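Read-outs: derived from the displayed coordinates by stated rules, not from any lab. All values reported here derive from a predicted model rather than from experimental measurement. Every residue, glycine among them, receives a Cβ derived from its backbone with ideal geometry; neighbour counts consider all protein chains shown.
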């Protein structure tokens, strides 16, 4: 580390003659540099614009085919997704509600259908067919 020493009279005289740095930045050189940078950027932008115009094709985009087959609606191949799933679900739900709450007879097989609530009532009154009645007793696996 250098220790500060007092200024000698010769050094003091030189400081008084030239109180500033002799090699300061030249304002003229700095302005020339900034002008050069500015024109370089502007020139690059102009060149880029003309290259952009030169590379871009000037043709019109191809229009889609106007043949009759192209205008007709074509369905995709099977299996297809549902177009309106909520509408399908509501239709299915309405059919199921109708099946479980109304009386009907199938004309082909002659099988009758009754509402679920009525079927429950009949089972409570008559019991399940083939199930042991309370008089017969229920056999258990427990040893007595």
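Placing dummy labels 7 Å off each Cα toward the beta-carbon, the span from residue 26 to residue 105 is 11.9 nm. Using the Cβ-Cβ distance between residue 93 and residue 125 with R0 = 25 Å, the FRET efficiency computed as 1/(1 + (r/R0)^6) comes to roughly 0.25.
Placing dummy labels 7 Å off each Cα toward the beta-carbon, the span from residue 78 to residue 2 is 9.7 nm.
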